[in-house]
Amino acid sequence: MNVTRIKYIFENQILGLLPVFIFLLVVGHYSYFTSFLLSSFVSVFNIFVYLRSFRRGVYQFGLLVATAVLIVYSLFLTLQIQALLYAYASIIVEAILVAILIIIGFFKSYIYKRFSSIHIASFKAKDLKNALDEFFFILLILQNLLTLHFVFYVVYKIVLFSQGYPVNSEFWSEKVMLFLVFMTGAYESFRLFLIHRILEKEVWLPILDENKKVTGHIAKTISRELGKKLYHPIVRVVVVCDNMLYLKKQSSTAEVSPNKFDLPFHRHIHFHQTIEEAAKESLDTAGYTQGAVLEFLLNYDFENVKVKHFVSIFAIRLSIEQFSRAEHLNGKLWTLKQIEENLGKGVFSEYFEQEYDYLKHTVLQDYK
């Protein structure tokens, strides 16, 4: 099983509590000393699994909660109150669990700060932050459910005991608690399943630092909302035909210069994709580019009030015959004279306005 699959499964933080409930199922059948050793062993094993998983980018904080519960329960085992512990093991564990969850919630800000100080790659830091968010979200739900159940059980037992009625402790304490935990885990699994189904359809963009190095990634839809706060790489392709440039009118929803004429191929480079792969992919659906040679021109930084991009420009040179093989919706061939007559008049995109002088003295040099 690969790491990605493990991460998907372990995103459900309720799974980290599984050692506690396995312990509850067997503890009543062993002596004090054996129970203490079993609890200690499971606690050490939890820490081992947590640390090993953490180094591989799998953040299962529920294991830490389970470890804390078992350690506290082990302390109770030293009190030699076997009859009470074995008769009410599940409700005692539930009370310990609720108390620990309340304490964790109280130190929530400190925990976020502590983990944010860990020196790891920024994209891993984002995964860690998401795991913490899931941890606090689902365990708050569990805390509220178990608190209500604990209060109900105590009141119910007091009322029935005071009236002389027998109480089915195993059902109302252990089975109902396990049912609540199971339903919480099932809810979280279903919620994570829906989130992953949505994310599978997302386009992920790399995030660059000032040195043009990839430091993380983000969904394209979220990036668009953040605007120029993030620095992304894009690729653009110039189409040269005879002594003209092919320019296409952008859509009304374009990030920059909507409804303006621009280079026909313009797209973000996706996460884990090279510049060359992005350029070739942008041409795959254009029939007239078959047999054309992709030529790298330059890189430059583009920034306006909306976006900040690291632009890579490629060019292809086509004959009239190659160009005529495909339809050219919302676009046309422009001569140098036509372009220069319309520069600075709001006809062309901001990108093209900056690039034209360079293109004129490079790919268009042969036609002057």
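The values are calculated or read from the model by the stated rules, or taken from the named source; none is laboratory data. What you are looking at is a predicted structure, and each value in this text was computed from that prediction instead of being measured. All Cβ positions, even for glycine, are placed from backbone atoms using ideal geometry, and neighbour counts span all protein chains on display.
Points to keep in mind about this one:
- Checklist (1) modelled with pLDDT of 90 or more; (2) out of contact with any strand residue (DSSP E or B) (no Cβ under 8 Å at 6 or more places or on another chain) applied to Glu255, failing item: (1)
- If the condition is being in contact with a helix residue (DSSP H, G or I) (Cβ under 6 Å, 6 or more places away or on another chain) and small (Gly, Ala, Ser), then the range 208-248 contributes only Gly216.
- For the range 330-364, a residue qualifies if it is small (Gly, Ala, Ser) and farther than 24 Å from His268 by Cα, and exactly one does: Gly344.
- Whichever residue in the range 317-346 is assigned to a strand (DSSP E or B) and more than 16 Å from Asp262 (Cβ to Cβ) and, among such residues, is modelled with the highest pLDDT: Thr335
To keep it simple, each residue is scored yes or no on (1) modelled with pLDDT of 80 or more; (2) in the same structural domain as Ala89 (by TED's automatic domain parsing); (3) in a helix (DSSP H, G or I).
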residue	(1), (2), (3)
Tyr112	yes, yes, yes
Ala131	yes, yes, yes
Gly164	no, yes, no
Glu170	no, yes, yes
Phe182	yes, yes, yes
Gly185	yes, yes, yes
Glu188	yes, yes, yes
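- Within the range 214-228, the set of residues being without any contact (Cβ under 8 Å) to a residue 40 or more places away in the chain, under 14 Å from His309 (Cβ atoms) and among the charged types (D, E, K, R) comprises just one member, Arg224.
- Residue in the range 280-297 that is outside any helix (DSSP H, G or I), at pLDDT 90 or above and more than 12 Å from Val239 (Cβ to Cβ) present: yes
- Applying a threshold of 6 Å to beta carbon distances and a minimum spacing of six or more residues, or different chains, the list of pairs starting in the range 198-209 at a residue that is within 9 Å of Ser223 (Cβ to Cβ) and touching a residue at least 60 places away in the same chain (Cβ under 8 Å) and ending at one that is hydroxyl-bearing (Ser, Thr, Tyr) and surrounded by fewer than 19 Cβ atoms within 10 Å (Cβ to Cβ) reads Ile207/Thr215.
- For the range 209-254, filtered to residues that are basic (Lys, Arg) and not in a loop (DSSP other than H, G, I, E, B), the residue that is surrounded by the most Cβ atoms within 10 Å (Cβ to Cβ) is Arg236.
- Within the range 313-355, the set of residues being within 18 Å of Leu283 (Cα to Cα), of a type in the set (A, V, I, L, M, F, W, C) and surrounded by fewer than 17 Cβ atoms within 10 Å (Cβ to Cβ) comprises Ile320, Ala326, Leu329.
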